[in-house]
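The values are calculated or read from the model by the stated rules, or taken from the named source; none is laboratory data. None of these values were measured; they are calculated from a predicted model. No Cβ is skipped: glycine too gets one built from the backbone with ideal geometry, and neighbour counts run over all protein chains shown. These area figures cover heavy atoms from the full protein model, side chains too; ligands, DNA and RNA do not enter into them. Shrake-Rupley method; radii C 1.70, N 1.55, O 1.52, S 1.80 Å.
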Amino acid sequence: MRVAMSPPDFFSIDYVINPWMDPAAWQHDAAQLAGDAKAGWREMKALYEKLGASVEVQRPKAGLPDLVFTANSAVVLDGIVLLARFRFPERQGEEQENMAFFQRLRRQYAVQRIITMPEGVFFEGAGDAIWDLTRQSFWTGYGPRSSLQASAVIARTYGKPVHPLKLVDPRFYHLDTCLCVLPGGEALHFPAAFDADGRSLLQKHFGKDLIEVPEADALKLAANAFPITPNDVVFGSCSTALEGQLNERGYIVHRVNLGSFARSGGSAFCLTLTLDARSA
Ligand code: ARG
C-alpha cells in the first residue's frame, strides 16, 4: 500500500471551520500540543512502514496548518487523481500545494492523470469520497463541505456508482468522521451523523456488516480509522468494546496518540491518503 502524509511542522489551530477547533484552547498549551502532534505523526508513519506500507511525504507549508490532513487533498483510484476544491478560504491555499504534489507524483509515474473539479463545486477529497472495493462503488458525503454535485463528477470520472450520503451533524462534517469502510467489506459508522435515507442506504448495502460506533467513541473520532493492511486498522482512539467487535471479525486494532489532531477535527484517516487503490 502506498499512502501520502504531510508532517505537522506548521500544524496548529489558527481558525475555526468546524466545531472541534478552539484556537484559544490550543494557544493555552501550544508547545505541548504541537510536540504531541509531531510525535504522534511520526509514530503513525513508522507503524505504517513497519506494516509494509510506503509513505510519500508531502512538503508542509507555513500558513497552511490543515495541510497535514492529506485525505482532503484529493481522491485517487486507478491512478486518476480528482483534486479537492475547498469550501473555506482558510484551506483554499492548499489547492496549489496539492496540484504541485500530484504533478511530482505523475512525473514519477505514481499516478497517471490529474483532474480538477468544475468551478463552484466543492469537494474535499477522500474525506468525503470513500472507495468501497467490496461493492465496487463510492460512498460520498455532502452538505457541510463537499457539494452534492461532486458525486456526479466522481461517478463520471471513475465510471463507478456513487452513493451520496447527507451529513446532518456539524461535528461530523466529513464522511470519514462517521463512516469507515473496512477491507473485509464491513463498515464502522455513527448513525446519528446521517439522515434517515442515509441510514437506510447503509443498512441495505452493509446489512450485518454494519458496525455501530458508540457515541463516546464517535466523539473521539474512532470512525476516522485507517485500515493500512487487510487486517490492521489504525485508530487515534478506540474503546475496548469496539476493539472486541473488530477482533471478532479478524482485525487488529492499533492505537496512536493523535489527540492534538482531534482538536482540529481529524484523526488517522484524515492524516492519510491512499495513492494506489485499484478498482479491481
Ligand atoms: N481542521 C480540518 C478541517 O476542518 C480538519 C480536517 C479533517 N479531515 C478529514 N478528512 N476529516 O477542514
- Checklist (1) small (G, A, S); (2) under 11 Å from F261 (Cβ atoms); (3) touching an Asp or Glu at 6+ places or on another chain (Cβ under 9 Å) applied to G40, failing item: (3)
- Message: I'd like the residue in region 10-34 that is more than 10 Å from the ligand (Cβ to nearest atom) and of a type in the set (S, T, N, Q) and, out of all such residues, is least open to solvent (accessible area, probe 1.4 Å).
- Response: S12
- Item | Residue that is surrounded by fewer than 20 Cβ atoms within 10 Å (Cβ to Cβ), away from the ligand (no atom under 14 Å from the Cβ), within 26 Å of D276 (Cβ to Cβ) and among the hydrophobic types (A, V, I, L, M, F, W, C), where the choices are L64, L51 | L51
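If you take the residues of region 104-141 that are among the aromatic types (F, W, Y) and within 14 Å of the ligand (Cβ to nearest atom), which of them is most open to solvent (accessible area, probe 1.4 Å)? Let's see the steps before the verdict.
First, the residues of region 104-141 that are among the aromatic types (F, W, Y): 109, 122-123, 131, 138-139.
Those still in the list that are within 14 Å of the ligand (Cβ to nearest atom) too: 122-123, 139.
Values: F122: 54, F123: 1, W139: 0 Å².
By that ranking, first place goes to F122.
Which residue out of S200, S147 is open to solvent by 50 Å² or more (accessible area, probe 1.4 Å), more than 14 Å from the ligand (Cβ to nearest atom) and out of contact with any strand residue (DSSP E or B) (no Cβ under 6 Å at 6 or more places or on another chain)? Walk me through how you get there before you give the answer.
Values: S147 fails: open to solvent by 50 Å² or more (accessible area, probe 1.4 Å).
Only one candidate passes the filter, namely S200.
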- Message: V233 - would you say it is within 19 Å of V68 (Cβ to Cβ), within 19 Å of the chain's Cα centre (by Cα) and more than 14 Å from the ligand (Cβ to nearest atom)?
- Response: no
